[in-house]
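What follows is a single structure, written as structure tokens, with notes after it.
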2 protein chains.
Amino acid sequence: MKDAAWDDLKTVMALVRHGSLAAAGAALRLNYTTVARRIARAEAALGTTLFERLKDGYVPTDAAMLVAAHAGEMEVREHDLMRRLAGRDGTLEGALTITAPQLLIAYVLPAALAQFRGLYPKVDLKVRATNDILDLSRREADLGIRISRTPGDTLTGLRLAEQHSASFASPGWAERIAKDPGAPIDWILYETHDDVPKAAREAYPSSRVQYRFDDMIAMAGAAQAGLGVVRMPMFLGRSLPGLMQVPLLPPQPYMDVWMVAHPDVWPGAKVRAFRDVLKADMKTRRALFVA
Amino acid sequence: MKDAAWDDLKTVMALVRHGSLAAAGAALRLNYTTVARRIARAEAALGTTLFERLKDGYVPTDAAMLVAAHAGEMEVREHDLMRRLAGRDGTLEGALTITAPQLLIAYVLPAALAQFRGLYPKVDLKVRATNDILDLSRREADLGIRISRTPGDTLTGLRLAEQHSASFASPGWAERIAKDPGAPIDWILYETHDDVPKAAREAYPSSRVQYRFDDMIAMAGAAQAGLGVVRMPMFLGRSLPGLMQVPLLPPQPYMDVWMVAHPDVWPGAKVRAFRDVLKADMKTRRALFVA
DNA sequence: GGTTATACATGCGATAACGCATGCATGAAG
DNA sequence: CTTCATGCATGCGTTATCGCATGTATAACC
């Protein structure tokens, strides 16, 4: 048993994590046959069976779990290294990955992205629109824009904007509410909310929950289609065509918009450049976010 | 900058450690051209210059030092993994590396080695004779035999024998000392010792230092050739032809013989088998080591 | 001044690693 | 019962990687 090939250890880890040759191969950007071959190599090198080949796939043995655990620790060190290299990198070229909620990318960021692109054409800007929070420690992205109350404990952050939320609906609903405030009002709620906001229920007792969604884009679409009233951030209601603010809810504070990055990565030239552009851009847009 | 190839990180580390392409290649068992190519790949992947190509070789940049440091931490994890795999391995086949001082291997271990070989023919036994202490944590060897006072803090150990040392010389010297105890006596000292052992100086005031060596095999050879008297472990003086114990020094306690291994590796089947064989063998040889 | 050793660059042929296409087994869905 | 999707094995042609041989530059030594 000599020195193990590190890339093979990584491959064992990927297979343990992802469960199938194909999934592991996709994660490693390799053909799954290559994964199978590397597993075979690793088993030969380590002198141990790492996976049992069953009809429905590769099942890791204890030894494979041990390998995967250690490879995971190696990976932590690799990510640490990558962050530090990115943080000390002074060039304004190469890849820069940012992540943000879909709706911010769609309705708020385009101007800043275009400006950044013009200023730093050599930077390969990759934008990952996702509502899942990517792991900035693992360098799934260099810089994140998040809607939350704090930047998070391990991340360095900068508050880009305070936000308010309000109630929005189609013009038809706005008219109806103005004419007859006592008529039934249909609400579309985000799934985590139990009930219509208390202020609305008190002022408009005829409020009723009609739909529960798990996705804000879908909710906004439903509101545009006239299915009901949605509480959403000011910027979103104002940005979407076919929606108007309705007076059911007084504007109230919402989670702020933060720009965050891992402290290792924060001082990198590309991250710094993007920060500066976005910070200045957002300064001009503050009115969009508050009542 | 995407995921780095771990083997390339390892290669950067090897080049930083060993200083030249050729030395790094030797350490990795690769041709040095391959090392050069991997460095180039790593630089492309990381988007950084890692080494400056000067007339007299590759000089690492700060970035390379950073990479090397992190790769070193990855390597610690790898060695940890290898030890654990070895420790849980129940097979009695494959590689087993032991290390011991040259003189023990030459004059004490052969019987045990032969017996082990007969009992476990499928084990690839590699014996590394060295006076440097190999790093058992880094798996330079699985099991070590050492002459020391303790097994060391991080290692598990078993005392194989207590030892005495005494003074030995050629038959000519033995005769001379017996005839005329007052005549000048030439000593061959190990370089770390300042002077003739105090007991000998007091009993034989005509003792004088004639040579200082840094190698016990050479000293023994010189003693066999009649150049003088050497203080050495009993087992050695008794094992070497052409040497006799001389009464200049009363036998005195010497460092013990230990068998040591990293606790992770200790329970491995091959290590355990070797331990048992050697332990039993050494039990029959205890008289060789003490006065 | 010529010889030797070290350290690297470069080009070429050999080899090992890889991707792709095909085929088989299994289980779920229509 | 058929169809489709998932998961893997195997064989083949391609690509990338590697080792080797050769050449250059520099420094050390006699």
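The values are calculated or read from the model by the stated rules, or taken from the named source; none is laboratory data. Bear in mind the structure is a predicted one, so any value in this text is a computation, not a measurement. So basically every Cβ, Gly included, is an ideal-geometry build from the backbone, and we count neighbours across all protein chains shown. Calculation scope for accessible area: heavy atoms of the full protein, side chains included, ligands and nucleic acids excluded. Shrake-Rupley method; radii C 1.70, N 1.55, O 1.52, S 1.80 Å.
Just a few scattered comments:
- When the residues of the range A:85-108 are filtered to those that are facing chain B (nearest Cβ under 10 Å) and among the aliphatic types (A, V, I, L, M), the one that is farthest from A:Phe289 (Cα to Cα) is A:Leu85.
- Here B:Val108 fulfils each of the conditions (1) under 30 Å from B:Ala273 (Cα atoms); (2) surrounded by 21 or more Cβ atoms within 10 Å (Cβ to Cβ); (3) touching a Gly at 6+ places or on another chain (Cβ under 6 Å) apart from (3).
- All positions within the range A:1-50 that are within 28 Å of the chain's Cα centre (by Cα), at positive phi and away from DNA strand C (no atom under 11 Å from the Cβ): A:Gly19
- Counted as qualifying within the range A:22-112 are the strands (runs of 3 or more DSSP E) with 3 or more residues that are closer than 19 Å to B:Ala4 by Cα and in contact (Cβ under 8 Å) with a residue 12 or more places away in the chain, namely A:94-100.
- If you filter the range A:1-21 down to residues that are of a type outside the set (Gly, Ala, Ser) and away from chain B (no Cβ under 13 Å), you find that the one that is surrounded by the fewest Cβ atoms within 10 Å (Cβ to Cβ) is A:Arg17.
- Test: A:Glu78 is within 14 Å of chain B (Cβ to nearest Cβ), more than 30 Å from A:Leu160 (Cα to Cα) and open to solvent by 60 Å² or more (accessible area, probe 1.4 Å): no
- B:Leu66 more than 9 Å from DNA strand C (Cβ to nearest atom) and either small (Gly, Ala, Ser) or open to solvent by less than 50 Å² (accessible area, probe 1.4 Å) (or both): yes
- Single residue of the range B:22-42 satisfying the filter (more than 9 Å from DNA strand D (Cβ to nearest atom) and open to solvent by 30 Å² or more (accessible area, probe 1.4 Å)) that is nearest to the other protein chains (Cβ to nearest Cβ): B:Ala27
- Residue match in the range A:82-100 (condition: among the acidic types (Asp, Glu) and crowded, with 19+ Cβ neighbours inside 10 Å): yes
- Checking each residue in the range A:257-285 for being among the acidic types (Asp, Glu), in contact with a helix residue (DSSP H, G or I) (Cβ under 9 Å, 6 or more places away or on another chain) and surrounded by fewer than 20 Cβ atoms within 10 Å (Cβ to Cβ) picks out only A:Asp281.
- Count - residues of the range B:212-231 that are farther than 18 Å from B:Pro171 by Cβ and either surrounded by fewer than 16 Cβ atoms within 10 Å (Cβ to Cβ) or β-branched (Val, Ile, Thr) (or both): 5
- Taking first residues from the range B:176-190 that are over 15 Å from B:Gly226 (Cβ atoms) and partners that are of a type in the set (Lys, Arg) and surrounded by fewer than 16 Cβ atoms within 10 Å (Cβ to Cβ), the Cβ contacts under 7 Å between residues at least 6 apart in sequence or on separate chains come to B:Leu189/B:Arg212.
- Top-ranked residue in the range A:51-63 [being in contact with a strand residue (DSSP E or B) (Cβ under 8 Å, 6 or more places away or on another chain) and more than 16 Å from DNA strand C (Cβ to nearest atom); ranked as least open to solvent (accessible area, probe 1.4 Å)]: A:Phe51
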